[in-house]
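Participant: For reference, the structure I am asking about is given below.
The values are calculated or read from the model by the stated rules, or taken from the named source; none is laboratory data. Quick caveat: nothing in here was measured; it's all calculated off a predicted structure. When we count neighbours, we look across all protein chains shown, and the Cβ atoms used for this are built from the backbone with ideal geometry, even at glycine. Each accessible area value is taken on the protein alone, full model and side chains, heavy atoms only, with ligands, DNA and RNA left out. Shrake-Rupley method; radii C 1.70, N 1.55, O 1.52, S 1.80 Å.
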Amino acid sequence: MTSTALAQLRGLRLPQPSPATRIAAGLIALIVSSLLLIDIGVGLVPDQQAALQQTRKRSAENLAVLVTELAAGADQAGLARGIGAALARHDDIRSIALRRAGGELLFQAGDHQRHWVAPPPGGSTLDHARITLRAGNSHWADLEVAFVPTHTSAVARFFADPLVRLLCALGAGGFVLFSLYLRRVLSYLDPSAVIPDRVRAAFDAFSEGVLVLDPQGRVMLANQALVAWLGEDADALAGRAAHELRALRHMHKGSPQDLPWMQAMAHMRTLTGDMMELRAAGSAPRKTVVNCSPLADGRRGARGCIVTFDDVTALEQVNQSLLDALGDLEASRAQIEQQNVELKKLATRDPLTGCLNRRAFFEAADALFRRSQAENLPLHCIMTDIDHFKSFNDRYGHAIGDQVLQSVSGQLSAGLRETDLLCRYGGEEFCILLPGVDTDQARAIAERLRGDVEAQAGPGVRSDQPLSVTSSFGLARLEDELAATGDLVERADIALYQAKRSGRNRVVLWQPGLEPENKGGSGAH
């Protein structure tokens, strides 16, 4: 069977028996069970098999007496006539035979060879009787009697039992009578019968589902819309507890008293806005908004509850679609922001070393310069240049030269604070701004950076030969006569030139009198 056929079979709903039919079946089952128990205890109906066996036993014994008397007279012809007359008188006997103890057949009446089935030695059955005849103390012969078979099959014997017949007749007749009577009675006891037809018709006109419950939460009425959503037979709903309906069974994980309609009746107040999902067999779940309004009697007690189910499945699907769209927009926005960050990084960072490029550096440095001047805060600039950088490119190639630049910039970046600015100023030259530190601290930072480059920049380059990498540092501080960031950078550059001229791999602080003459080309050395 295909999966489609199986799905169709699962989707079929067999008609549910009516309450009257179910109650009638239950009553008949109780009555039949009671009669069986009484029969087991006191023998309500005589055992027909036992009575028949007793009757046939007496008939066989009477025949044995007759045969014995006739045999005593030694009248063979009279014996044959007597056995034949006995067979004619008994309608339930098929054949009679007299067999010697040695097995020789003396006389027979009827087709004994066809009807006789030998019972177990020394015994008889219900349909075949063997009686031993004695002459004195010796075994003379056996009288064999084949009776008409009672029944050939176990099923036939079962239904021939008077008790079985009584129970079948009582069950069939009682079921019909009980069903007719209960239909009449339940028409008065049916809780849905108290609702007028005009009210029922009005509820059926609603597009939303309507459920009317009694104080115990049992269904008194369900309109057509809700019946369709529940996937239940309308006639089988009356009198059932609402929480037992298949579509609502999943809603109460704990006590059924926690359901909204039971809470509404318990506290005699209207409950609105509960979200519930109807899960009818063979259909997709249906999202509903449930509102419960209790019905009060004259003493402010609960007479029942009206429950409405507003189908919001389509609205929920639209909301979910909007949420999915918003999620996609949020993901797109995050992606755009990430791309903007990457674009900003590309626009402001040197692609080889990751340091600020000159344009981004001067934008940040100018703001830092003006704030330091306005607030009278210390600000220092470091210019550093890799010593003999051209020799790395010439001897090992530009790939090794790029690694040297990356290794040096990594050492410089690792030794600075987040508030410091690091820029690849050009070629192998880097510029650093240190805000908020005095000259002694700035000199110490420059010395530490120089030592880090000397100790770790060379080993950080992947090369067949060990490399020795050093850098020279020029340091300058912000002073009142400086008008722009470029002036501060220029002084640091002059100090860097002095560091290279005085032997490289050292830190030189700018002092008045240092001159920039003949500085050009220092970075290539």
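Participant: Kindly report, to the nearest 10 Å², the accessible surface of Phe178 as traced by a 1.4 Å probe over protein heavy atoms only.
Facilitator: 60 Å²
Participant: Additional query: Give the carbon-plus-sulfur fraction of the accessible surface of segment 238-308 in %, rounded to a whole number; probe 1.4 Å, heavy atoms of protein chains only.
Facilitator: On segment 238-308, the fraction of accessible area on carbon and sulfur atoms equals 47 percent.
Participant: Sticking with this one: How about segment 368-471: which GluC sites (Glu not before Pro) there lie in a loop by DSSP and see at most 13 other Cβ atoms within 10 Å?
Facilitator: Details: sites: Glu375, Glu418, Glu428, Glu429, Glu447, Glu454; in loops: Glu418, Glu428.
Here the GluC sites (Glu not before Pro) that fit, given the DSSP loop and packing criteria, are Glu418.
Participant: Name the aspartates and glutamates eligible as straight-distance cross-link partners of Lys57: C-alpha to C-alpha under 14 Å, and not fewer than 8 places from it in the same chain.
Facilitator: Result set, ordered by chain and number: Asp92, Asp127, Glu144.
Participant: Also, quick follow-up: Heavy-atom accessible area per residue, segment 268-402, 1.4 Å probe: how many Å²?
Facilitator: Roughly 62 Å² per residue, with all protein chains present.
Participant: If you don't mind, there's one more thing I want to ask. Given a Förster radius of 45 Å and the C-beta distance between Lys57 and Ile31 as r, what FRET efficiency does 1/(1 + (r/R0)^6) yield to the nearest 0.05?
Facilitator: Once rounded, the FRET efficiency stands at 0.80.
Participant: Can you tell me which of 288-296, 165-173 comes out highest on packing, and rank the rest after it, using the mean Cβ neighbours within 10 Å? Don't jump to the answer; show the numbers that get you there.
Facilitator: On the way: 288-296: 19.0, 165-173: 13.4.
My ranking of the peptides, most packed first, is 288-296, 165-173.
Participant: With each pseudo-label sitting 7 Å past Cα toward Cβ, what's the Val65-Ala483 distance in nm, one decimal?
Facilitator: It is 16.0 nm.
Participant: Quick check: at a probe of 1.4 Å, how many percent of the accessible area of segment 365-495 sits on carbon and sulfur atoms?
Facilitator: The value for segment 365-495 is 45 percent carbon and sulfur by accessible area.
Participant: Here's a follow-up. Subtracting the Cα-Cα distance from 0.36 nm times the residue separation, let me have the gained length for Ala234 to Ser391 in nm, one decimal.
Facilitator: 46.9 nm
Participant: Can you give the extra length, in nm with one decimal, that the chain gains between Glu454 and Val318 once fully stretched, where that is 0.36 nm per residue apart less the Cα-Cα distance? Intermediate values should be presented prior to the final figure.
Facilitator: Details: separation 136, 0.36 × 136 = 48.96 nm, distance 6.54 nm.
Between Glu454 and Val318, full extension yields an extra 42.4 nm.
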